1. Based on the mean of other Cβ atoms within 10 Å per residue, sort peptides 192-202, 134-144, 161-171, 207-217 so the most packed one is first.
2. In µm²/s, what is D for segment 25-110 at 20 °C and 1.002 mPa s, where D = kT/(6 pi eta Rh) by Stokes-Einstein and Rh is the Kirkwood radius from Cα pairs?
3. Beyond 27 Å between alpha-carbons counts as too far, so tell me which of K98/K120; K53/K113; K62/K206; K118/K206; K62/K118; K62/K113 fall in that bin.
4. Could you calculate the contour length gain from F89 to Y221, that is, 0.36 nm times the residue separation minus the distance between their Cα atoms, to one decimal place in nm?
5. Under a plain spin-label model, where a point goes 7 Å from the Cα along Cα-to-Cβ, how far apart in nm are K98 and E188?
6. With the contact rule set at Cα under 8 Å and sequence spacing of 6 or more, what percent relative contact order holds for segment 41-161?
7. Enter the mean projected area of the convex hull around the alpha-carbon atoms of segment 146-224, in nm², rounded to one decimal.
8. Protein chains only, probe 1.4 Å: how do K118, K206 rank by accessible area, largest first?
Amino acid sequence: MVNFTRLLLNKSGVSGQLHRNRLCCIAVWNITRACNLACRHCYIPARPNLSSKELSDSEARKIIDDLLEIGVGVVLFSGGEPLLRKGIFSLLRYASSKGLRCGLSSNGTLITKATAEKLKDCGIIYIGISIDGSRDTHNRFRGKNCFELSLSGLRYAKEAGIPVGVRFTINKENYRTLPEVLAMVVEERIPRFCMYHLVYTGRAAKELDIGSRVRRRVIDYLIEQTQRSEERRVGKECRSRWSPYH
């Protein structure tokens, strides 16, 4: 993970709340393969139906205990769509009660006002929601009306007092919309933006990836925007990551 905000401005942003101790380990846990969407670039690939092979609640709690034993301090619950995991709120409460700092990686479409408040009560300290381009581009990748639902999920989480971030998986069909996404991040006062790079597994085809020349231009653009955000006093953390966890 390259944290442009820390590298260029010496500021930690939202990540400072996740990484209170720089030496603590972070685990990203795909808690379920189930998802209410079927995104074109999903690395799992996730599907709507629940798998009969998923961990039971007692097995999942044992994993949480094991993570604590090996020194993990932060767990990001991902998927699939983690909110489709049966008993997810109970697991979040259990992990939080054990002292783990818990985040959620979600598509945002299932986050209502009530759900956001429940997540806050469970101890969630961060929610990253995927926005993969402008409205039309995002909906083409994820499904009809997904952009509107994801944006509502971001807003509900913010209203509940949970720090949020936008997660953007760059590819050939959406990189030109990056300025629109960043403008939305600023307009909505979203404190964190993370860009992820395509992983050639699941439904993600290599042909969808951008080339090295475009990638370099995009990185230069993010550096420029990070520096300009300081000039405009816009408190946005900007990160780029080569990782499947989007």
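1. Details: 192-202: 19.7, 134-144: 17.8, 161-171: 22.0, 207-217: 12.5.
Averaged packing, sorted descending, gives the order 161-171, 192-202, 134-144, 207-217.
2. For the chosen part, D equals 163 µm²/s.
3. Working: K98/K120 16 Å; K53/K113 31 Å; K62/K206 37 Å; K118/K206 39 Å; K62/K118 23 Å; K62/K113 31 Å.
In this structure, K53/K113; K62/K206; K118/K206; K62/K113 lie more than 27 Å apart at Cα.
4. Gain on extension, F89 to Y221, equals 43.6 nm.
5. The two pseudo-label positions are separated by 3.2 nm.
6. Rounded, it is 24 percent for segment 41-161.
7. On the way: hull surface 24.0 nm².
Taking a quarter of the hull surface, the average projection is 6.0 nm².
8. Highest to lowest solvent-accessible surface, that is K206, K118.
The values are calculated or read from the model by the stated rules, or taken from the named source; none is laboratory data. All values reported here derive from a predicted model rather than from experimental measurement. In this analysis, Cβ positions are derived from the backbone assuming ideal geometry, glycine residues included, and neighbour counts consider all displayed protein chains. Side chains included, ligands, DNA and RNA excluded: accessible areas come from the protein's heavy atoms. Shrake-Rupley method; radii C 1.70, N 1.55, O 1.52, S 1.80 Å.
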